[in-house]
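K.L.:
Quick one: this structure, given as structure tokens, is what I'll be asking you about.
A short reminder: the numbers here are calculations on the coordinates, not readings from a lab. Not measured: the values here are computed from a predicted model. Note that each Cβ is placed from the backbone with ideal geometry, even for glycine, and that neighbours are counted across all protein chains shown.
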Amino acid sequence: MTKRLLTGSVGMVAISLGLVAAQAGAQGTNRTNGAPSPAQVRYGFPQTPTQGAAKSYDLTKPITLNEAVAIALLRQNSIAIAKAGTDASRAQVVQARAPYFPQITPGYTYTSSVQPISGAGAVGGTFSGENVTDQITLRQTIWDGGKREANLQQARNSLDASQFNLGNTRQSVILAVTQDYFTLLRDQKLIQVQQVSVDQAKQTLDSINEQVAVGNAAKTAPYQAESDYANAQVALIQAQNVAEVDDATLKNAMGVSTSQPLILAPPNLAPVIPTPDPRGLESYVQQAFQNRLDLKQQQSLINAQTDALRVARLQAGIGISASVDEGYQFQPTSGEQRAFVVSFTYPLFDGGSSKAAVRAAEAQLAIQERTLDQLEQNARLAVEQDYLTRELSRQQVDAANKAALAGEQNWKAAEGELKFGVINILDSINARLQLVTAQVNQVNALYNFYIANARLLRDIGSNDPEFASTMPVLKGAAATTLVASVKKAK
């Protein structure tokens, strides 16, 4: 049963990437009716990766959670920044691969010079001349001691890390929008509760005034009811203010700039199943270790730093290189040029620079390894906290529903007795306050469950499954290291 709920939540809470909007920013089109930010005015709209069919949105109409997520994936600058990072890393891979190919360099040099004439009998004379040199040269590196191999592998690992970062950033944006969307839904429900509470307090006040009018109550009797009515109005105003603030928070998470309030479509929430999740906590933890893109990103950074350490050690040792140059000069003397160069170098004394570079690379590698360990601990903590919160909310939903039902029956009975002067006004007010408390708890428990479930999906790296499937796959030593870290965490 729980598995069915989680599956439904993935489709509802997280992602329907077929709804991801097109790159409206690429055409400079504002399809979400939100004003562009100052940075968007200056630099254009974010360039973010999308999947699925193009779809535009209108914020003057109700939007679903999937549409809110899609807008955020289109408009959020954090995703555009992460994508720019992958573009830069991809270009660095091309740079690192370049030494494997011949480097062809045409050159043209023109020199015009004026020099004084020297020698016996030369007084104030000058000599002017022109020189033109043009040639084309091909250089091919045959061997450089393994540096180009290490540099290329480092660039590839850095690209993997940037791609994992892009996916991880998307997942964070999705969670932020999901949380804020459910929070705003909760606020709107709480406004309804407080509005009903105001109506009920007014009803109680009217009943007391009727009792006073017919002489069944003292003239001071309405004071308590008037105070209660005013307090209910204050609670309603506070609930409305909270909703306005959270509306702004959701728009910020979506990456839109507008003062227009959002209209949320009526949600089709899956019912909360009261039975505990048969899947144990440790199963979620292991899934987090296997799926989380931030852990994979960190492992790729470790691999890149390992390559950087390899380069530093090569530069600190004996350097061996071999290259061949083939060229042809056209002017001033035409002819073929060829050279085969083999060199051996060793930094006999460089002020300790090369050895310090090795120590720095070793320290950076230790930092990256400890960072992975720290991330794994944080991942376990997040999974455990959100799993327990979700299961607690599951129990609270059932209890809160029963409390709200009992509170409503109690208030109706108290209000009926008040009309006939059978009950004290304080008892009626207490009955209403108990009902409001129960209804507030009911709303909070319900949406706490959905928020905790959304957080748990993010914790285990499953709230953006379609895009995550396009991420690189750790292979070889990297995969072995990550598996070893999972076993260590167990």
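K.L.:
For the Cα atoms of the chain, what angle does the longest principal axis make with the long axis of helix 222-254, in degrees from 0 to 90, nearest 10?
P.N.:
Approximately 20 degrees, to the nearest 10.
K.L.:
From the list (1) 1.23; (2) 0.99; (3) 0.95, can you say which value of Rg/Rh (Cα atoms, Kirkwood Rh) was derived from the structure given?
P.N.:
(1)
K.L.:
Right, next: Mind grabbing the base-10 log of I(q)/I(0) for the stretch 97-221 at q = 0.11, 0.15, 0.18, 0.20 Å⁻¹? Debye formula, identical points on the C-alpha positions, no solvent, two decimal places.
P.N.:
At q = 0.11, 0.15, 0.18, 0.20 Å⁻¹ the computed log10 ratios are -0.84, -0.98, -1.08, -1.13.
K.L.:
Which distance in nm do the two modelled labels at residue 230 and residue 192 give, with both placed 7 Å along the Cα-to-Cβ direction?
P.N.:
Going by the 7 Å Cα→Cβ label model, 3.1 nm.
K.L.:
Test of understanding: ordering 162, 197 by Cβ neighbours within 10 Å, fewest first, what list do you get? Could the numbers behind the result be given before it?
P.N.:
Details: 162 22, 197 25.
Fewest to most other Cβ atoms nearby, the residues stand as 162, 197.
K.L.:
What FRET efficiency comes out for residue 324 versus residue 367 if R0 is 45 angstrom and r is the Cβ-Cβ distance? Round to the nearest 0.05. Write out the running numbers ahead of the final one.
P.N.:
On the way: r = 41 Å, r/R0 = 0.90.
With R0 = 45 Å, the Cβ-Cβ based efficiency is 0.65.
K.L.:
Does a label point 7 Å from the Cα of residue 466, set along Cα-to-beta-carbon, have any residues of the stretch 79-95 with amide nitrogen under 20 Å, and which are they?
P.N.:
In the stretch 79-95, the label zone of residue 466 (backbone N under 20 Å from the point 7 Å along Cα→Cβ) covers 79-80, 83.
K.L.:
Quick one: angle between helix 425-459 and the longest Cα principal axis of the chain, in degrees between 0 and 90, rounded to 10, please.
P.N.:
With rounding to tens, the tilt is 20 degrees.
K.L.:
Further question: Taking the beta-carbon count within 10 Å as an exposure proxy, list 338, 97 from fewest neighbours to most. Kindly include the intermediate steps, with their values, before the conclusion.
P.N.:
Working: 338 10, 97 14.
Fewest-to-most Cβ neighbours within 10 Å comes out as 338, 97.
K.L.:
Apply the Karplus curve 6.51 cos²θ - 1.76 cosθ + 1.60, θ = phi - 60°, to the phi angles in the stretch 186-196 and return the couplings in whole Hz, x for Gly and Pro.
P.N.:
Along the stretch 186-196, the couplings run 4, 4, 5, 5, 5, 4, 4, 4, 5, 5, 5 Hz.
K.L.:
While we're looking at this one, here's another question. At each listed q (0.12, 0.14, 0.17, 0.23 Å⁻¹), what is the log10 of I(q)/I(0) that the Debye formula gives for the stretch 131-199 modelled as equal alpha-carbon point scatterers?
P.N.:
Rounded to two decimals, the profile gives -0.68, -0.75, -0.84, -0.99.
K.L.:
Sticking with this one: On C-alpha positions alone, give me the angle between the axis of helix 353-419 and the longest principal axis of the chain, in degrees, nearest 10.
P.N.:
It works out to around 20 degrees.
K.L.:
Any chance you could run the full-extension gain for residue 333 through residue 130? It's 0.36 nm times the residue separation minus the Cα-Cα distance, nm to one decimal.
P.N.:
Working: separation 203, 0.36 × 203 = 73.08 nm, distance 1.43 nm.
Between residue 333 and residue 130, full extension yields 71.6 nm more.
K.L.:
If you place +1 on the Cβ of every Lys and Arg and -1 on the Cβ of every Asp and Glu, how big does the dipole about the Cα centre of the chain come out, in debye to the nearest 20?
P.N.:
940
K.L.:
Separation between the residue 346 and residue 384 pseudo-spin-labels, each 7 Å from Cα along Cα→Cβ, expressed in nm?
P.N.:
Spacing of the two 7 Å Cα→Cβ label points: 5.4 nm.
K.L.:
If each of residue 103 and residue 360 carries a label point 7 Å out from its Cα toward its Cβ, how far apart are those two points in nm?
P.N.:
Going by the 7 Å Cα→Cβ label model, 2.3 nm.
K.L.:
Next question. Please report the Cα spread of the stretch 292-387 along all three principal axes, rounded to whole Å, starting with the longest.
P.N.:
79, 33, 18
K.L.:
Right, something else. Using Cβ contacts closer than 10 Å as the measure, can you line up 75, 42, 455 from fewest to most? Spell out each step's value before the answer.
P.N.:
Numbers: 75 28, 42 8, 455 22.
Placing the least packed residue first, the sequence is 42, 455, 75.
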